[in-house]
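Since the structure comes first, as structure tokens, the remarks are kept for the end.
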Amino acid sequence: MSGSSRRQYIRLEIINGKNLRVPSERIPAGIYVSIDVDWRRRWKSTIGVLSSDESVAWGNTVTLSSHASPALSVEIRASYEADRMLGRGEVIGKLQISWDGLLDHGVGPFDLSFPPVRSIHPSLTLKAVVVHAYDNQNDAPSSSLVERKIARDTDAGHAHFAKYVTSKTVSHLNYAMQRFQSVLDQCPVSHPDRATALTNLAWVRLRGYVRGDLQDIDTTTSLLRNALALRPQRHPGHPLSLYNLTEALNWRHKKKRSAADIREAAQICHELLPLCPEGTFIRSIVAGEDCVDYVIGRFSKLPTDASDEGIHLRKIVLELCPVGHQLRPRALNELARAVEARFDQHGTIDDLDMSIHLGREALFLCPEGHSDCGDYLNNLAWSLKSRFDHQGKPNDLDEAISLYEEALRLCPVGEKCRDTPLDNLGGALVVRFKKRSNIDDISRGVSLYQEALTLRPPGHPSRDTTLNNLALALTTRYVELHVSEDLNEAIDRYRESLRLKRLDDPERHVTLHNLSSALCSRFTQTQENEDVEEAITLCQQSLAALMPIYLVSRFYTTLLICRSL
């Protein structure tokens with residue numbers, strides 16, 4: 001700069017920053033720019049909110065004297081506190097540029113590029129102009145550079161943690177934990193920086209746990225709970241504390257598979273998401289695959305809980321999936337299943353109506369060809385058939401059959417999943433036959449059950465169910481058409497089912513009774529004494545296994561009929 005020995009004043013405007021990635025990959029509360037004013041003072045910009053595109057807009061200005069230092073020294077730093085800072089945060093980028101180099105860009109905006117962070121060069125957009133007098137009205141010089149030990153330890157902890165993340169050297173992790181533990185020891189319960197100290201130590205421990213360098217996650221979770229308690233609602237650090245605890249719960253769930261962790265994480269996400277403005281970096285992370293989407297996906301794998309609390313949590317998860325969210329159909333389907341399970345327990349028809357409504361929306365939103373479509377079709381059809389069973393509306397049964405047909409179409413011959421829609425459709429057709437006596441329905445139902453049985457060979461956990469369903473359908477068709485082959489096959493299927501049932505199976509008495517009835521029917525046709533004698537024995541066994549008194553009379557009547565034939 002010509003005449004560099006002469007004092008000049010330069011007004012520097014910090015317009016914005018781009019590609020602002022934090023070396024430690026930790027989510028910051030904000031980003032700020034720090035500039036050395038002279039050997040004892042630093043100027044600090046406002047803490048700007050990081051956008052989802054990793055940019056920050058500032059619009060701050062500072063007037064600097066070229067005489068105070070030989071060059072401009074600039075740092076970009078991440079702050080993990082939204083209000084009161086502990087230390088100076090984590091360095092994203094730093095460089096020095098001569099005053100000549102600064103002014104060579106002219107009076108218009110220009111970009112200043114920094115060394116790369118995670119393969120991307122962060123940059124600042126600046127504007128520098130020479131002014132004739134020192135104007136301090138927009139400046140915010142900081143206090144003395146002499147920092148407290150607590151601040152120095154915090155900065156050292158951030159620096160070593162960033163080195164640990166980039167180098168994976170465990171010694172840096174250990175040193176960072178030591179520094180942050182030292183800070184926490186200096187922050188008693190009443191200290192205004194205690195929540196920050198708790199969070200810094202917990203976050204370092206969490207990263208060590210994620211990488212397998214630490215085994216204890218429970219202590220980390222406890223530290224984050226304590227930090228959250230010190231940052232209640234309306235505290236500027238509350239959203240970030242919620243996120244940090246959610247992250248710990250999710251990682252503990254990944255390693256330990258605790259349902260309680262994922263339930264708590266769902267509740268926290270429900271509170272957290274509205275606190276993260278659209279377009280911000282924290283919003284993009286919270287709404288992404290490692291936070292909210294992880295919670296939704298894992299929550300859908302939990303067992304169906306028909307309790308009021310369980311359904312409330314399912315509704316919370318659904319609210320995390322607004323219209324257009326890729327996981328909304330799954331959340332709708334799981335809520336529908338929970339509400340229907342509550343109907344099965346309490347018989348409130350409003351629950352069944354709600355289940356059908358939710359199931360329709362899930363099916364409507366499911367993209368064509370999606371792997372979950374078959375489940376949504378089957379679940380909605382099941383609910384419709386259940387409502388038909390309770391209210392007898394023919395349209396419900398017809399729609400259920402149409403949905404089962406579509407589910408079967410999605411599972412062509414050779415698909416492993418084909419047995420379920422075969423069994424479901426067969427059952428619905430048998431029910432419709434009993435109402436309308438269309439022989440095509442019962443004949444197709446029998447054929448579907450027979451195909452399903454071939455897909456459930458001996459050893460399959462659902463073979464016994466299909467054996468009984470097929471035997472009942474064959475018996476029903478026998479009553480209509482009197483084809484002896486149907487009755488003989490039904491008896492064979494009942495016998496196999498009986499062999500598969502344990503002696504203490506609570507449904508064993510039903511199979512005993514059904515087989516006894518089928519043998520009585522064959523006796524009326526063939527007059528074979530062996531059939532009636534076996535039927536009597538089976539009835540006696542069923543009576544011995546049957547506990548409810550109101551059913552005893554039904555079986556005793558069957559026994560008397562058999563003896564009189």
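The values are calculated or read from the model by the stated rules, or taken from the named source; none is laboratory data. The structure displayed is predicted, hence computed values, not measured ones. Neighbour counts are summed over all protein chains in view; Cβ atoms, including those assigned to glycine, are modelled from backbone coordinates with ideal geometry. Side chains are part of the model used for accessible areas, which takes the heavy atoms of the whole protein and leaves out ligands, DNA and RNA. Shrake-Rupley method; radii C 1.70, N 1.55, O 1.52, S 1.80 Å.
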query: If we keep just the residues of the range 29-49 that are open to solvent by less than 10 Å² (accessible area, probe 1.4 Å) and either assigned to a strand (DSSP E or B) or at pLDDT 95 or above (or both), which is farthest from residue 121 (Cα to Cα)?
result: 43
task: Six or more apart or on different chains, Cβ under 9 Å: which pairs go from a residue in the range 62-78 that's in contact (Cβ under 8 Å) with a residue 60 or more places away in the chain and more than 18 Å from residue 104 (Cα to Cα) to one that's open to solvent by less than 10 Å² (accessible area, probe 1.4 Å) and not β-branched (Val, Ile, Thr)? Could you list them?
output: 62/12; 62/43; 62/45
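Given the options 157, 108, 101, name the one that is modelled with pLDDT under 95, open to solvent by less than 60 Å² (accessible area, probe 1.4 Å) and in a helix (DSSP H, G or I). Before you say what the answer is, go through the steps one by one.
Numbers: 157 fails: modelled with pLDDT under 95; 108 fails: in a helix (DSSP H, G or I).
Every option except 101 fails the conditions.
Wholly within the range 351-461, which helices (runs of 4 or more DSSP H) include no fewer than the required count, namely at least 1 residues that are hydrophobic (A, V, I, L, M, F, W, C) and under 29 Å from the mean Cα position of the chain (by Cα)? Break it down into steps so the answer makes sense when it comes.
Values: elements: 373-391, 394-409, 419-436, 439-454.
Fully inside the range 351-461 and qualifying: 373-391, 394-409.
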- request: Tell me, yes or no, whether the range 327-338 has at least one residue that is under 27 Å from residue 25 (Cβ atoms), in contact with a helix residue (DSSP H, G or I) (Cβ under 8 Å, 6 or more places away or on another chain) and either open to solvent by less than 10 Å² (accessible area, probe 1.4 Å) or outside any helix (DSSP H, G or I) (or both).
  value: yes
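Of these, 275, 230, which one is open to solvent by 70 Å² or more (accessible area, probe 1.4 Å), closer than 21 Å to residue 194 by Cα and in contact with a helix residue (DSSP H, G or I) (Cβ under 8 Å, 6 or more places away or on another chain)? Working first, answer last.
On the way: 275 fails: closer than 21 Å to residue 194 by Cα.
Only one candidate qualifies: 230.
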- request: For residue 54, indicate whether it is in contact with a Lys or Arg (Cβ under 9 Å, 6 or more places away or on another chain), at pLDDT 95 or above and not in a helix (DSSP H, G or I).
  value: yes
- prompt: What number of residues in the range 113-122 are in contact with a strand residue (DSSP E or B) (Cβ under 8 Å, 6 or more places away or on another chain) and either surrounded by fewer than 19 Cβ atoms within 10 Å (Cβ to Cβ) or modelled with pLDDT under 95 (or both)?
  reply: 4
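Residue-by-condition table, conditions (1) aliphatic (A, V, I, L, M); (2) in contact (Cβ under 8 Å) with a residue 60 or more places away in the chain:
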| site | (1), (2) |
| --- | --- |
| 237 | no, yes |
| 251 | no, no |
| 262 | yes, no |
| 267 | no, no |
| 270 | no, no |
| 286 | yes, no |
| 290 | no, no |
message: Only one of 297, 279 is among the small types (Gly, Ala, Ser) and at pLDDT below 95. Can you tell me which?
response: 297
query: Under the condition of being assigned to a strand (DSSP E or B) and not hydrophobic (A, V, I, L, M, F, W, C), which residue from the range 123-135 is most open to solvent (accessible area, probe 1.4 Å)?
result: 127
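Being more than 21 Å from residue 29 (Cβ to Cβ), open to solvent by 20 Å² or more (accessible area, probe 1.4 Å) and not in a loop (DSSP other than H, G, I, E, B) is the filter here, so list the residues in the range 279-295 that pass it.
Taking the range 279-295 first, the residues more than 21 Å from residue 29 (Cβ to Cβ) are 289, 293-295.
When the remaining residues are screened for being open to solvent by 20 Å² or more (accessible area, probe 1.4 Å), the result is 289, 293.
Passing the criteria: only 293.
Among the candidates 498, 467, 487, 503, single out the residue that is within 25 Å of residue 538 (Cα to Cα), free of Cβ contacts under 8 Å to residues at least 24 places away in the same chain and either in contact with a helix residue (DSSP H, G or I) (Cβ under 7 Å, 6 or more places away or on another chain) or of a type in the set (Val, Ile, Thr) (or both).
Values: 467 fails: free of Cβ contacts under 8 Å to residues at least 24 places away in the same chain; 487 fails: free of Cβ contacts under 8 Å to residues at least 24 places away in the same chain; 503 fails: either in contact with a helix residue (DSSP H, G or I) (Cβ under 7 Å, 6 or more places away or on another chain) or of a type in the set (Val, Ile, Thr) (or both).
Answer to the selection: 498.
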field: Single residue of 312, 325, 270, 235 found to be within 20 Å of residue 83 (Cα to Cα) and not hydrophobic (A, V, I, L, M, F, W, C)
entry: 235
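Would you call residue 315 more than 12 Å from the chain's Cα centre (by Cα), assigned to a helix (DSSP H, G or I) and at pLDDT below 95? Step through it out loud before you land on a result.
Values: more than 12 Å from the chain's Cα centre (by Cα): yes; assigned to a helix (DSSP H, G or I): yes; at pLDDT below 95: no.
Judged against the criteria, residue 315 is not a match.
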message: I want to confirm something. Restricting to the range 484-499 and keeping residues that are farther than 11 Å from residue 514 by Cα and more than 45 Å from the chain's Cα centre (by Cα), which single residue is surrounded by the fewest Cβ atoms within 10 Å (Cβ to Cβ)?
response: 485
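Here is a check on your reading of the model: is residue 151 open to solvent by 30 Å² or more (accessible area, probe 1.4 Å) and within 27 Å of residue 35 (Cβ to Cβ)?
On the way: open to solvent by 30 Å² or more (accessible area, probe 1.4 Å): no; within 27 Å of residue 35 (Cβ to Cβ): yes.
Taking the combined requirement at face value, the residue does not satisfy it.
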- request: Output the number of the condition that residue 481 fails; it satisfies all remaining conditions of (1) surrounded by fewer than 19 Cβ atoms within 10 Å (Cβ to Cβ); (2) over 20 Å from residue 429 (Cβ atoms).
  value: (2)
query: So residue 91 clears everything in (1) touching a residue at least 40 places away in the same chain (Cβ under 8 Å); (2) open to solvent by less than 30 Å² (accessible area, probe 1.4 Å); (3) closer than 30 Å to residue 176 by Cβ; (4) in a strand (DSSP E or B) except one condition, right? Which one?
result: (2)
query: Out of the residues in the range 500-528 that are of a type in the set (D, E, K, R) and under 24 Å from residue 482 (Cα atoms), which is most open to solvent (accessible area, probe 1.4 Å)?
result: 528
field: Enumeration of residues in the range 178-200 that are within 15 Å of residue 153 (Cβ to Cβ) and without any contact (Cβ under 8 Å) to a residue 40 or more places away in the chain
entry: 178, 179, 180, 181, 182, 184, 185, 186, 187, 191, 194, 198
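When you check residue 474 against the structure, is it in contact (Cβ under 8 Å) with a residue 24 or more places away in the chain and of a type in the set (A, V, I, L, M, F, W, C), yes or no? Please lay out each step first, then the result.
Working: in contact (Cβ under 8 Å) with a residue 24 or more places away in the chain: yes; of a type in the set (A, V, I, L, M, F, W, C): yes.
Yes.
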query: In the range 211-278, which helices (runs of 4 or more DSSP H) lie fully inside it and hold 1 or more residues that are touching a Leu at 6+ places or on another chain (Cβ under 6 Å), more than 19 Å from residue 24 (Cβ to Cβ) and among the acidic types (Asp, Glu)?
result: 259-272
